[in-house]
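Values in this text are rule-based calculations from the coordinates and carry no lab data. These numbers come from a predicted model, not from an experiment. For neighbour counting, all protein chains shown are included, and Cβ atoms are generated from backbone atoms with ideal geometry for every residue, glycine included.
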Amino acid sequence: MLPETPVTTLLLIRHGETIDGPAPRCHGWTDLPLSETGRTQIARLREYLRAYLRDGQPVAIYSSDLQRSRQTADILTEGQNLRPTAVHALREINFGDLEGCLVDDLPERFPATVAAWRTNPATCRFPNGESFQEVKQRVLPIVERLLSAHAGATIAMALHSGVNRIILGWALGLPDEYLVRLEQDHGCLNVITFGPLHPRLRLHNFVPVLTGSH
């Protein structure tokens, strides 16, 4: 018999769309608020969680200190006796010189960086920014500490696409170069449980579409 281990559930959420619209951009440390669409996306997710979360509401919710992440956490906790905690180390990757650029414009503006990314995204370091390895070094110790602090409970993290990919890849034991294969849409929900033997991915990149009374 294996010793009984409390199961910790992580609700890993990506923030909603920001005010500059849905077109893919390098949003790292650029501090933009949610758009009305983004607020609607998160409000819809909040209602889904309240209606369908079997294990009860989370005991804690964390965000980065960037507006889009903090506002997502605030919307998720509306009407609850729960105050989100912002953590600087949970910020998105710093894209450096690429901050704010449309992804479609990158091959022309930053051909060397795009070539390095296509060769191995895990080792590519953005000029005057960060690499995935550097983000892992600041994100994962915090995530491990928070999971340990809330062992046996359900917690939520309202974060960013790159940070979510790092957490998902760490939980699943994926090689770093595979992280870019993990889709993270605006307002999506991932559910990971941590218990005996190894973490389990229960839900990935789920975006609820609610109708009627739901």
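Computed values, structure above
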read-out	value
Farthest toward positive dipole pole in the range 8-206 [+1 Lys/Arg, -1 Asp/Glu at C-beta], among 167, 126, 60	60
R0 of 41 Å, Cβ-Cβ distance residue 181-residue 81: FRET efficiency to nearest 0.05	0.60
Folded to 0 to 90 degrees: helix 132-149 orientation relative to the chain principal axis, Cα	10 degrees
Gain in span if fully extended, residue 118 to residue 204, counting 0.36 nm per residue against the direct Cα distance	28.5 nm
The chain, dipole about Cα centre (Lys/Arg Cβ +1, Asp/Glu Cβ -1), debye to the nearest 20	540 debye
Local electrostatic count at residue 90 - Lys and Arg +1, Asp and Glu -1, tallied over other residues with Cβ under 11 Å	+1
Computed [θ] at 222 nm, helices only, for the chain once each DSSP H run of length n ≥ 4 contributes -39500 (n - 2.57)	-10000 deg cm²/dmol
Positive-pole candidate from 71, 106, 199, dipole of the chain, charges at beta carbon	199
0 to 90° range, to nearest 10: angle between helix 36-52 axis and the chain longest Cα axis	30 degrees
Helix axis angle, 161-172 relative to the chain longest principal axis, alpha carbon, degrees	60 degrees
Exposure proxy ranking, count of Cβ atoms within 10 Å, fewest first, for 178, 52, 62	52, 178, 62
Å³ per residue enclosed by the Cα convex hull of the chain	122 Å³
Inter-site label distance for residue 57 and residue 193 at 7 Å from Cα along Cβ, in nm	2.3 nm
By average C-beta atoms within 10 angstrom, highest first, the peptides 162-168, 39-45	162-168, 39-45
